[in-house]
Amino acid sequence: MEEDKRLKLITEQIIRLANADFETPGELSEEGDDLDSIVVGLNLLGEELEAYTQELKAKEEKIKNTLIQLNEAQHLSQIGSWEWIVSTNTVTWTDELYRIYGRDKETFQSTFENFNHCIHPDEKEYVNSVIQSAYQNKTAFKFSHRIIRPDGKEAFLDCKGNVYLDEDGTLLRMTGTAQDVTELKKAEEKIVKLASIVESSNDAIISKTIDSYITSWNKQAQALFGYTEQEVLGKHISLLFPPDQVSEENEIIAKVVGEGKPLINYESIRRKKDGTLVNIAATISPIKDPSGKVIAISKIARDITEKKQAEEKLKKYTIALEQKNKESEQFAYITSHDLQEPLRTITNYIGLFHDDYKGQLDERADIYIKFITNASRRMQTLISDLLEYTRIENDKEATQIDCTALVNEIMMDLERTINENNATIVFGTLPVITGYFSRIKSLFQNLIVNAIKFKRSGVAPIITITAKDTETDWLFEIKDNGIGIEKAYHEKIFMMFQRLHAREEYNGTGIGLAHCKKIVELRGGNIWVESQPGIGSSFFFTLPKNLNL
Ligand code: ADP
């Protein structure tokens, strides 16, 4: 107001000077002539004007700075603003509003139509209705909506607006702000999604403070432990511990908070609200702030009571089975051992009978005696094979075995069989392994004897023995060019008493491969066969280098 007055005074002085009559010579006063006083007046006026201009400039500078600050503040807070002057129907946008809308200030006209064009098609109607009602009712307004930027991306805006009226209640102008809350909205959506995952999870999901007070509890936690969320929030986690297990929490905290590491598949027992115990498997993890500091703990747990019971049952069953196996092997050992004695007596007496009464009885009696002799011999072999099988367990010390020397020794033992069958055994340097000598010898011998025995008629057996280093194991192969085995029997032949041929064709008891399997498995390895009928078979077995005898 004061400035206006001063401006008025200066203007009046200018007009007066402008209207002054400088043509007609006047009377000169004692102090000087009129021209002098005009010059003095003009000088004064000039000074006044200069001061006023400086003041205006300072104010303009201040306004400019304020505007820059406002712009920066809007940019930082991602809030843009607009103003609509009703009388001139002009809309102005701040720089930040242009930025939020992704529009260029120079080319985009901030009219209502253009603004309307930016709104997401699904929300145009809603936004228009909010603005219309604010205009008609002359009331402040607030709404959220989406816009589409020129690059096609969506942005979420939170908007607020105000109306300004004159004394008569006529609308003068409307102003508003729009804040870009896209990131916030996305974060919110993520939180909602995560929360619904937590709620619908089949696992109990719990969070607690670093000193073990429960801060969240999902539906499944309620189902598992019986407590409602209200009952446990703020309570110490030890509420769920059986009394004798409370100290466990210190170990958990030491690992998860102290070391900042998760505990994965941690199995333990917890107590439900009704006092019953439940076996759980849990993953307990630290929740860290951006600096890496542990600020809370999360726990995902599930009920493994049934699994534990099944494991327990299986364990008992396995122990019982092992016991039974031992008993039956013991039984087989005792019976075969005890059977040997009477059988030896029978064989001896049949021999005596045959020698003493040969030719004194008729021909049929001689044939019967022959049958009895053969049968008792077979029975002797069967019993000695059985004894051999059951005796595996009762071996002595494990030693270093040079397999090359071992095969040489077996070849000497089998010299007669090898020669009779015209067999060739090919092998290079075989490894030195650790094992029980008699078992390993029996394993090689059984496989070599079979490779000779199951030869093709008219084809001299060629047996190749090799060993491969597979880093963890020795992989042996005993390959022959014999009759081969149908695929259907590749597993069956390793079972006790399983034979594929009549005794008249190939003699045997069907114990040899079962014996080999037992030796290899006790040594921690595997045995299998690959074969093509009419071409030959390869028996493979592995012996782990690192053994647990
Ligand atoms: P046995 O030799 O006393 O019959 P095994 O347990 O050693 O008993 O072998 C079981 C069966 O597997 C044999 O009867 C035979 O049919 C088959 N078999 C074993 N080794 C070979 C082989 N090298 N070639 C062909 N068949 C074989």
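The values are calculated or read from the model by the stated rules, or taken from the named source; none is laboratory data. Note that this is a predicted model, so its numbers are computed, not measured. A quick note on method: Cβ atoms are made from the backbone with ideal geometry, for glycine too, and the neighbour counts reach across all protein chains shown. Accessible surface areas use protein heavy atoms only, side chains included; no ligands, DNA or RNA. Shrake-Rupley method; radii C 1.70, N 1.55, O 1.52, S 1.80 Å.
Tell me which helices (runs of 4 or more DSSP H) are completely within the range 58-156 and hold 1 or more residues being open to solvent by less than 50 Å² (accessible area, probe 1.4 Å), at pLDDT 90 or above and β-branched (Val, Ile, Thr), or say none if there are none.
95-101, 124-137
What residue, of Lys487, Lys441, is out of contact with any Phe, Trp or Tyr (no Cβ under 8 Å at 6 or more places or on another chain), within 16 Å of the ligand (Cβ to nearest atom) and over 12 Å from Ser537 (Cα atoms)?
Lys441
Go through the residues of the range 184-198 one by one and say whether even a single one is outside any helix (DSSP H, G or I), among the β-branched types (Val, Ile, Thr) and farther than 30 Å from Lys160 by Cα.
Checked against the condition, which is being outside any helix (DSSP H, G or I), among the β-branched types (Val, Ile, Thr) and farther than 30 Å from Lys160 by Cα, the range 184-198 yields no hits at all.
Given (1) under 30 Å from Ala398 (Cα atoms); (2) not in a helix (DSSP H, G or I), identify the lone condition not met by His501.
(1)
Condition check: hydrophobic (A, V, I, L, M, F, W, C) and surrounded by 13 or more Cβ atoms within 10 Å (Cβ to Cβ). Does Leu339 satisfy that?
Taking the combined requirement at face value, the residue satisfies it.
Filtering the range 467-479 down to residues that are surrounded by 15 or more Cβ atoms within 10 Å (Cβ to Cβ) and over 18 Å from Lys517 (Cβ atoms), which residue is farthest from the ligand (Cβ to nearest atom)?
Of everything passing the filter in the range 467-479, Ala467 is farthest from the ligand (Cβ to nearest atom).
For the structure I just gave you, tell me whether Ala460 is within 16 Å of the ligand (Cβ to nearest atom), without any contact (Cβ under 8 Å) to a residue 12 or more places away in the chain and either open to solvent by 20 Å² or more (accessible area, probe 1.4 Å) or at positive phi (or both).
Considered against the rule, which asks whether it is within 16 Å of the ligand (Cβ to nearest atom), without any contact (Cβ under 8 Å) to a residue 12 or more places away in the chain and either open to solvent by 20 Å² or more (accessible area, probe 1.4 Å) or at positive phi (or both), Ala460 comes out as no.
Give the residues of the range 501-528 that are within 14 Å of Glu491 (Cα to Cα), open to solvent by 20 Å² or more (accessible area, probe 1.4 Å) and modelled with pLDDT under 85, sorted by residue number.
none
Given (1) assigned to a loop (DSSP other than H, G, I, E, B); (2) in contact with a helix residue (DSSP H, G or I) (Cβ under 8 Å, 6 or more places away or on another chain); (3) away from the ligand (no atom under 11 Å from the Cβ), where does Thr509 come up short, assuming only one miss?
(3)
Can you name the number of the only condition in (1) within 15 Å of the ligand (Cβ to nearest atom); (2) open to solvent by less than 60 Å² (accessible area, probe 1.4 Å); (3) at pLDDT below 95 that Ser531 fails?
Tallying (1) within 15 Å of the ligand (Cβ to nearest atom); (2) open to solvent by less than 60 Å² (accessible area, probe 1.4 Å); (3) at pLDDT below 95, Ser531 fails exactly one: (3).
When Ala178 is evaluated against the numbered criteria (1) in a helix (DSSP H, G or I); (2) closer than 30 Å to Thr88 by Cβ, which criterion, by number, is the only one it fails?
Among (1) in a helix (DSSP H, G or I); (2) closer than 30 Å to Thr88 by Cβ, the lone unmet condition for Ala178 is (1).
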